[in-house]
Each structure stands twice: as C-alpha cells, then as structure tokens.
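Contents: one structure, followed by commentary.
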Amino acid sequence: MRIVVSIKQVPETTEVKIDPAKNSVDTEGLTRIINPYDTYALEEAVRIKEASGATVAVISVGPEKVDESLREALAMGADEGFHLSDPAFEGSDPLATAYILARGIEKLGPYDLVICGRQAMDGASGQVGPSLAEELGLPCVTFVRKIEELKEGYIRVQRMTDDGYEVVEGPLPMVITVVKEINEPRLASLKGLMKAKRVTIPVWNASDLGLDPARYGPAGSPTSVARLSPPPPRTGGEMIEGTPEEQVRILVRKLRDAKVL
Amino acid sequence: MDFQLTGEQRMLQRMARDFALKEVQPHVAEWEEKKAIPREVFARMGEMGFFALPFPEEVGGLGAGYLAYALAVEEISRVSASLGISYAAHVSIGTMPIYLFGSRVQKERWLGPCLRGEVLAAFGLTEPGAGSDAGGTETTASLVDGEWVLNGTKCFITNASLAGVVVATAVTEPGKGSRGISSFVVPADAPGFSVGQRYSKLGLRASDTAELVFADCRLPEDALLGERGAGFRQFLTALDGGRISIAALSVGIAQACLDASLEYAKTRVQFGQAISKFQAIQFKLADMAMETELARLMTLKAAWLKDNHLPFGREAAMAKLFASETCVRAALQAVQIHGGYGYMDEYPVERYLRDAKLMEIGEGTSEIQRLVIARNLGC
Ligand SMILES: Cc1cc2nc3c(=O)[nH]c(=O)nc-3n(C[C@H](O)[C@H](O)[C@H](O)COP(=O)(O)OP(=O)(O)OC[C@H]3O[C@@H](n4cnc5c(N)ncnc54)[C@H](O)[C@@H]3O)c2cc1C
Ligand SMILES: Cc1cc2nc3c(=O)[nH]c(=O)nc-3n(C[C@H](O)[C@H](O)[C@H](O)COP(=O)(O)OP(=O)(O)OC[C@H]3O[C@@H](n4cnc5c(N)ncnc54)[C@H](O)[C@@H]3O)c2cc1C
C-alpha cells in the first residue's frame with residue numbers, strides 16, 4: 001500500500017502581519033512549519049505504515065523553502081518526498097493548487113490513499129482536499145476522525161459531524177481529509193532529520209508536470225482574495241468587581257439579561 | 001563571516017525546543033520535587049538522537065556538529081537545567097573522552113549504547129582534596145597481576161548513580177605530578193566500585209550528583225583510556241569541550257529568566273500600569289536580553305571553532321565564564337522583577353536562581369576560567 005500525504009508549509013505564529021499590497025500574509029522572517037493539521041495526516045499515514053507496512057510519500061506545492069518541511073516530514077517517518085515548485089505557481093488559489101497537486105500525484109505513480117489536513121492554518125479554505133479528489137476523479141471523505149478499517153481496495157472511516165460522527169465506507173484509491181481528533185502526532189526526531197538529509201527530493205515544475213498554463217497562477221485561479229484584514233482588536237470586556245458571591249450574582253443577572261440563561 | 005544558522009541547525013534547534021516543551025516542561029516540577037529524572041527520559045532522548053548529535057556517523061553519531069549540540073543543550077536547559085546538566089555531562093565529559101581517546105574495543109563496547117541512551121556516562125575527576133586543582137588527584141591505580149586496582153573517592157559526580165560507565169582519573173605514577181595521572185573506563189558493575197549517597201543540593205535538584213568509591217576496584221589491563229600518564233592532558237581536552245556545553249546550559253537558563261521576566265513584567269500592574277512601562281524594569285530587561293545574546297554568540301563561536309578544527313580553548317573559557325555570570329545576573333534580576341512572587345516556588349525564577357549558581361562553579365570555577373584566559377594571554 002502506498003499513501004500520499006499532501007502537506008502545506010505555513011508560517012508559525014498567530015501574530016501574522018498582512019501585506020496589503022499583495023492581499024496576502026507577509027511571511028518574511030517567520031519560521032515556516034508544516035501546517036499543523038497536516039501533521040495529523042502524516043501521523044496517520046506513518047501509523048498505517050508501522051502497523052501494516054505501507055510506504056508513505058509526502059508532496060507539497062510551494063517555493064524552495066518547502067524542501068525543509070518535506071524533510072521534516074521524512075524525519076517523522078515518511079519514506080519519499082516530492083516537491084512541486086515553479087515561480088509561475090505563485091498566486092494560485094485553492095483550485096489551482098489542487099490542479100497542480102493532482103498532476104504531481106499522478107506523476108509519482110500508483111497509490112492507494114491520499115490524506116490531507118482538514119484545512120490550512122493560514123489559507124484555511126479547506127478546499128484543497130476535496131478539489132484534489134475532483135481533479136483526480138476520486139471519491140472524497142472530509143473530516144475523518146478515525147480510520148476503522150483499511151485493506152486492499154477498501155476503507156471505512158468515521159467522519160466527524162457537528163453532533164457526532166458518520167461511518168462511511170468506500171473503495172480505494174480515495175482522498176480523505178483528517179481532523180485533529182484522529183491522533184496525537186509524534187515529534188520529528190533529530191535522528192530522522194539527519195537521515196532525511198540524504199534523501200533526494202525531486203522538484204517538478206510546470207513543464208515537468210505538463211501543466212496547462214491556463215490552470216495555475218493568477219490566470220488559472222477563478223477566485224482571488226479581494227481584501228484581507230486582521231481581526232478587530234479585542235475590546236476591553238467588562239470586569240465584574242466584588243466578593244465572589246457578589247460577582248456570581250451580577251454575572252448571573254447579566255447572563256439572564258442577555259438571554260444566555 | 002556568516003552569523004546565520006544553517007537550515008539544518010535551525011530545524012534541529014526547533015525540534016529540540018518542541019521536545020523540551022512537549023515532553024520535558026510538563027514534568028519539571030515533579031522531577032525537581034522528587035529530586036530525580038526518570039530513566040525513560042534519557043532513553044527517549046537517545047531514541048530522538050540528542051546524544052548522537054556531535055559524534056560522526058562512523059561511530060553511530062549524527063554528524064550534526066558541536067554547534068548543533070550546543071543549540072540542543074540550550075533548548076533543553078531553558079526548560080530544565082537539571083536535565084541540561086545530565087545531558088551535557090553524559091555527552092561532553094562522559095562519552096566524549098571514550099570517543100576521543102578510547103581503543104577500538106572500548107569504542108565498540110560503549111559508544112553505541114551511550115549514543116543511543118541505553119547507557120549513561122559520568123566523568124569522575126573531582127575529589128575531596130582535588131577540586132580546582134584537579135592535578136592533585138589522590139585516587140591511585142596500580143597494576144597487580146595484570147589487573148588495575150583502583151583506590152580512592154570521587155565527589156560531586158554528575159550522573160553517578162545513573163551511569164553504566166564512568167571515566168575516572170587516578171595516579172598511576174606517584175611522584176610524577178600531572179604526568180603521573182591516567183584515565184580509566186570503569187563499568188558500573190566493576191568489582192570494588194560503588195556509588196555513595198546522593199547529595200542534597202541548592203539547585204539542579206533533579207540532576208543526579210553522588211560520590212564514587214573505589215575500594216580495591218579491579219579492572220582489566222585494557223581498561224586504561226589511551227596512554228598511561230595521559231590522563232591530565234585528556235581531561236583538559238574534555239573540559240574544553242565541556243565548557244561549551246556549560247556555556248550553552250547557562251544561555252538556556254538566562255533565556256528562561258528573560259522569557260519569564262518579560263511575560264511577568266507585561267502583565268503585572270502596579271501604580272496603574274504594567275511594570276514593563278517603568279524604565280527601571282525596562283533597563284533590567286534590556287540588559288538581560290543583551291547579555292544573553294552576547295553569551296549565546298560567544299558560545300556558538302567557540303562551538304564553531306571546534307567544529308572547524310581550530311583552537312577553541314580560550315573562547316570556550318570566555319564563553320563559559322561570561323555565560324555563567326550572565327545567567328546568575330539574569331536570575332537575580334528575574335527574581336527582582338517578580339518581586340515577592342519571585343521568591344515563592346510557585347514561580348520558576350527562584351529555581352532559575354538556584355540552578356544558575358552552579359554554572360559559576362562546575363567544570364572550572366569563574367576564578368579558574370579567568371586563570372585559563374590569562375594563561376592564554378601569555379601571563
Ligand atoms: C481565494 C484565495 C486566493 C488566493 N490567492 C493567493 C495569491 O494570490 N497568492 C498567494 O500566495 N496565495 C494565495 N492564496 C493562498 C494559497 O494559494 C492557498 O493557501 C492554497 O491554495 C491552499 O489553500 P488553503 O490554504 O485554503 O488550504 P486548505 O484547502 O485549507 O488546505 C487543506 C489541505 O490541503 C492540503 N494543501 C493545501 N495547500 C497545499 C499545498 N500548497 N501543497 C500541498 N498540500 C496542500 C493540505 O493537506 C491541507 O491541510 C489564495 C487563497 C485563497 C483562498
Ligand atoms: C552539582 C555539581 C556537579 C558536578 N559534577 C561534576 C562531575 O560530573 N565531574 C567532576 O569531576 N566534578 C564535578 N563537580 C565538581 C566541580 O567541578 C568542582 O566543585 C569545581 O571544580 C570546584 O572544585 P571544589 O569544589 O573543590 O572547589 P575549590 O577548588 O576548593 O575552590 C574553592 C574556591 O577557591 C577558588 N580557587 C581555587 N583555586 C584557586 C586559584 N588557583 N586561584 C583563585 N581561586 C581559586 C575557587 O575558584 C573557589 O572559589 C560538580 C560539582 C557540583 C557542585
């Protein structure tokens with residue numbers, strides 16, 4: 001069994017600055033990490049590998065620096081890395097990103113399962129997984145919180161819903177996106193990283209992938225970000241003074257007035 | 001000149017930090033309270049590759065260099081100086097002499113297990129009568145019927161009761177002074193070897209410090225490390241590298257002091273404003289940040305020299321001296337910035353202060369570092 005994990009590199013920090021000229025996040029000088037949701041995808045793949053001997057391939061679209069995240073994924077237990085990179089990919093929206101990824105995944109050869117995170121920490125559209133499935137012509141189950149059974153040509157999973165979960169089954173290959181409830185990702189080991197140094201990670205550009213120029217970059221992106229703004233600063237809130245008893249009394253009254261209670 | 005860490009070093013640093021935050025931080029209070037670090041922690045660090053970092057691949061190391069190792073020591077010590085010193089002693093002065101001076105057989109027996117964390121190493125140099133004057137070693141070793149027989153006591157030895165192997169010095173040629181000292185590789189189960197009571201300490205309470213006792217301790221002839229009479233030279237070399245690790249440890253403590261103080265100063269309100277708005281507090285924080293950065297720079301420079309096979313003894317002594325005094329100053333100021341809360345054990349800064357003080361004493365006191373530097377100046 002071969003499992004492909006699609007990872008995105010994102011800036012580490014919650015205090016991101018917005019670049020108004022580009023309508024995007026200013027990532028200059030920020031540490032780049034694997035999108036935290038994707039570490040759950042990776043952990044799940046590595047657990048399957050450890051339990052039943054699959055190989056795990058990681059793939060990512062992004063600039064040169066993405067190489068580090070791919071190596072970190074290898075340090076967590078992935079076996080192969082594939083880097084899709086071309087200056088012309090810049091400005092791709094989730095649909096274009098999914099298109100690029102799909103052609104990359106097709107190029108890397110036969111596979112059984114593609115695992116994505118539920119969403120990226122920065123873009124957070126949650127669209128790449130399902131769009132990728134569409135591009136690959138595969139079924140897709142989102143928000144997977146547990147893989148109940150996985151065998152040749154078959155998968156059964158629990159899909160998280162607002163008030164519980166659904167059990168969904170289907171054929172392989174399939175694309176799934178996972179939620180953080182699925183596992184507790186391991187830390188990448190120093191040992192793994194030093195070993196990963198020796199792995200050759202192929203870098204494929206638009207022509208290696210034989211892409212249609214009308215389908216990536218700004219030209220290939222039907223959506224664009226019109227405006228990006230930081231959340232409004234938190235307004236003061238209200239401090240309730242007094243003894244604990246008084247505070248509780250005031251709080252309960254306020255909650256009643258607000259019809260919360 | 002290039003002051004940037006390589007991509008690899010940055011990633012190793014981040015991984016060490018993640019490990020320290022996720023797997024060390026939650027247990028620090030408990031370890032300090034129980035005055036012990038569970039053995040599994042060392043096994044886990046071995047599995048992650050912490051101990052193998054500075055050693056070359058031929059012996060099972062990661063070949064990441066001493067600088068990467070110094071970064072890791074800093075990150076671990078920023079969270080737990082007790083774990084930091086156990087780590088530093090195991091790698092820099094316990095395992096390193098075996099790597100540097102050991103025979104093929106000694107390396108094959110010990111390096112793998114030490115690098116993987118299956119065996120912890122200790123370094124037995126200090127004696128009740130031989131501290132700063134380590135050449136005054138009184139422990140003796142004599143060759144009797146093809147076996148070494150060791151007699152004497154070592155005190156204040158880090159990792160003593162956890163160690164599976166100890167590198168210890170003893171006099172083999174009485175009357176020849178420092179040229180009469182040799183080192184031995186002593187397995188913890190050697191007959192006549194025992195570990196005394198653990199000390200009760202001011203700080204670094206979770207770290208293991210105890211006495212080593214050699215009472216007619218018998219070792220095979222090939223337990224000698226390197227050449228006979230080379231012990232003094234060997235431990236000076238080991239301590240040069242060790243000082244970089246103590247410097248890194250000190251930088252970790254200083255950074256922890258700054259982190260805690262900055263956070264506290266921004267949230268503690270007096271006279272209607274955060275105390276970080278008072279210039280008197282700002283100046284303390286500015287000094288802490290500056291000195292920590294300078295200490296780190298010198299530590300990394302010494303490590304860089306070592307990695308590039310250039311002389312580094314003087315820089316290692318400077319880094320150790322400056323970083324240790326920096327972390328003591330930083331810890332004092334951290335307690336001051338925390339006011340009365342800083343004196344209470346609910347806040348970590350009182351521990352930082354207790355832990356910091358050892359940095360000015362272990363692996364050569366500040367006075368001895370100044371002597372080493374002065375000697376390097378040609379005095
Ligand atoms: C409308 C829109 C317009 C954009 N325009 C620009 C732009 O002009 N310039 C610009 O720099 N950025 C732009 N972006 C950001 C960037 O293209 C998107 O972040 C990217 O397409 C992924 O979408 P997402 O972050 O919403 O990921 P999600 O769909 O939230 O990610 C879900 C999962 O898909 C996978 N995945 C996502 N991205 C990648 C990737 N790159 N490689 C491998 N796997 C991945 C991961 O498994 C991830 O967990 C835009 C984003 C949006 C939403
Ligand atoms: C927690 C801890 C862990 C330790 N771990 C180890 C270990 O793993 N292995 C090991 O071998 N040792 C270890 N030590 C011992 C440590 O290295 C010694 O304590 C240190 O070298 C000082 O020796 P001393 O305690 O005998 O002090 P002394 O040498 O007696 O020094 C007392 C004072 O005199 C000063 N002094 C001495 N000589 C001079 C001089 N020539 N000029 C000016 N001033 C001088 C010193 O600077 C100091 O201020 C450890 C100690 C502690 C506390």
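The values are calculated or read from the model by the stated rules, or taken from the named source; none is laboratory data. Computed from a prediction, not measured in an experiment: that's the story for all the values here. Backbone-built Cβ (ideal geometry, glycine too); neighbour counts: all protein chains shown. SASA here: full protein model, heavy atoms, side chains in, ligands and nucleic acids out. Shrake-Rupley method; radii C 1.70, N 1.55, O 1.52, S 1.80 Å.
With unit charges on the beta carbon (Lys/Arg positive, Asp/Glu negative), name the residue among B:Gly229, B:Pro348, A:Gly62 whose Cα is farthest towards the positive pole of the charge dipole of the protein assembly as shown.
Of the listed residues, the answer is B:Pro348.
Could you order peptides A:181-191, A:234-244 by the average number of other Cβ atoms within 10 Å of their residues, highest first?
In decreasing order of mean packing, A:181-191, A:234-244 become A:181-191, A:234-244.
Using only atoms on other chains, find how many Cβ atoms lie within 10 Å of each Cβ of peptide A:181-192 and report the average. Walk me through the intermediate numbers first.
Working: counts 0, 0, 0, 1, 0, 1, 9, 7, 8, 18, 12, 3.
Taking the mean over all residues of the peptide, I get 5.
Could you tell me which GluC sites (Glu not before Pro) in segment A:1-65 are loop residues by DSSP with no more than 12 other beta carbons within 10 angstrom of their beta carbon?
Passing sites in segment A:1-65 are A:Glu15, A:Glu28, A:Glu64.
Have a look at B:Ile246, B:Ile98, B:Ile281 and tell me which one the Gaussian network model of chain B (Cα, springs below 10 Å) gives the largest fluctuation.
B:Ile281
Return one number: the angle in degrees, 0 to 90 and rounded to the nearest 10, between the long axis of the Cα atoms of helix A:244-257 and the longest principal axis of the Cα atoms of chain A.
The angle comes out at about 70 degrees.
In debye to the nearest 20, how big a dipole does segment A:2-220 give about its Cα centre with +1 on each Lys and Arg Cβ and -1 on each Asp and Glu Cβ?
Details: 24 positive and 34 negative charges, 121 e Å.
I would put it at about 580 debye.
In degrees from 0 to 90, rounded to the nearest 10, what is the angle of the helix A:94-107 Cα long axis to the longest principal axis of chain A?
30
What shape does segment B:107-211 take by its C-alpha gyration tensor, where a ≥ b ≥ c are the square roots of the eigenvalues and a/c under 1.5 counts as rounded, a/b above b/c as prolate, and the rest as oblate?
The shape class here is oblate.
So, with a 1.4 angstrom probe, what is the percent of accessible area on chain A that is carbon and sulfur?
51
Keeping every protein chain present and rolling a 1.4 Å probe, give me the accessible area per residue for chain A in Å².
Using a 1.4 Å probe on heavy atoms only, each residue of chain A averages 54 Å².
In Å², rounded to the nearest 100, what is the total accessible surface buried by chains B and A against each other with a 1.4 Å probe?
The buried area between B and A, both sides summed, comes to about 1700 Å².
Roughly how many debye, to the nearest 20, is the charge dipole of the protein assembly as shown about its Cα centre, given +1 on each Lys and Arg Cβ, -1 on each Asp and Glu Cβ, and no other charges?
Using only the charged Cβ atoms, the result is roughly 880 debye.
Rounded, prolate or oblate for segment A:1-120? Axes are the square roots of the Cα gyration tensor eigenvalues, ordered a ≥ b ≥ c, and the cut-off for rounded is a/c under 1.5.
In terms of gyration-tensor shape, prolate.
Have a look at B:Gly241, B:Ala274, B:Met1 and report the one farthest towards the positive end of the charge dipole of chain B, computed about the Cα centre with Cβ charges (Lys/Arg +1, Asp/Glu -1).
Highest projection toward the positive end goes to B:Ala274.
Can you tell which of A:Pro173, A:Pro139, A:Val25 lies farthest toward the positive end of the dipole of segment A:2-220, using +1 and -1 charges on the Cβ of basic and acidic side chains (Lys, Arg; Asp, Glu)?
Value computed over the given set: A:Pro173.
How charged is the neighbourhood of A:Leu187? Take every other residue with its Cβ under 9 Å from the Cβ of A:Leu187, and add Lys/Arg as +1 and Asp/Glu as -1.
0
Please identify the longest segment of chain B free of exposed chymotrypsin sites (Phe, Trp or Tyr not before Pro), where exposed means a DSSP state other than H, G, I, E or B and no more than 10 other Cβ atoms within 10 Å.
After excluding every exposed loop site, the longest remaining stretch is B:4-270.
Lys pairs in chain B, Cα-Cα under 13 Å, at least 8 apart or on separate chains: how many?
6
Give the average, rounded to an integer, of partner chain Cβ atoms located within 10 angstrom of each Cβ in B:61-68.
Mean inter-chain Cβ contacts per residue within 10 Å come to 2.
What average count of beta carbons from other chains do you get within 10 Å of the Cβ of residues in A:194-201?
Other-chain Cβ atoms within 10 Å of each residue's Cβ, averaged: 3.
Can you name the helices of chain B, as whole DSSP H runs, whose Cα span along the helix axis is 27 Å or more and whose Kyte-Doolittle mean is not below -0.5?
The answer, listed by residue number, is B:231-267, B:279-307, B:313-342.
In segment B:293-379, which GluC sites (Glu not before Pro) are in a loop and have at most 15 other Cβ atoms within 10 Å, using DSSP for the loop call?
The qualifying sites are B:Glu346.
Of A:Arg156, A:Arg249, A:Arg198, which has the largest mean-square fluctuation in a 10 Å C-alpha GNM of chain A?
A:Arg249
Amide H to amide H under 5 Å from A:Ile33: which residues, 5+ apart in sequence or cross-chain, H placed 1.01 Å off N in plane?
Here the answer is A:Val10, A:Glu12, since their amide H atoms fall under 5 Å of that of A:Ile33.
Quantify, in whole percent, the carbon and sulfur part of the accessible surface of segment B:1-54 (1.4 Å probe; protein heavy atoms only).
C and S fraction of accessible area: 51 percent.
Suppose we compare each residue of segment B:1-32 in its chain alone and in the full protein complex with a 1.4 Å probe; which ones drop by at least 40 Å² of accessible area?
Buried on complex formation: B:Glu8, B:Met11, B:Leu12, B:Arg14, B:Met15.
Looking only at A:Gly53, A:Gly81, A:Gly104, which one moves most when chain A is put into a Gaussian network model with springs between Cα atoms under 10 Å?
Result: A:Gly53 has the largest fluctuation of those listed.
Does segment A:2-220 come out rounded, prolate or oblate by the C-alpha gyration tensor, with a ≥ b ≥ c the root eigenvalues, rounded set by a/c under 1.5 and, if not, prolate when a/b is larger than b/c and oblate if not? Intermediate values should be presented prior to the final figure.
On the way: a/c = 1.34, a/b = 1.27, b/c = 1.05.
Because its axes are fairly even, with a/c under 1.5, segment A:2-220 counts as rounded.
If we count every other residue with Cβ under 10 angstrom of B:Leu239's Cβ, Lys/Arg +1 and Asp/Glu -1, where does the sum land?
0
Between segment A:68-116 and segment B:257-302, what's the alpha-carbon centroid distance in Å?
Cα centres, segment A:68-116 to segment B:257-302: 43 Å.
Accessible area per residue of segment B:303-353 at 1.4 Å probe, in Å²?
49
I want the local charge near A:Ser85. Using Cβ-Cβ distances under 9 Å, sum +1 for each Lys or Arg and -1 for each Asp or Glu among the other residues.
Result for the local shell: -3.
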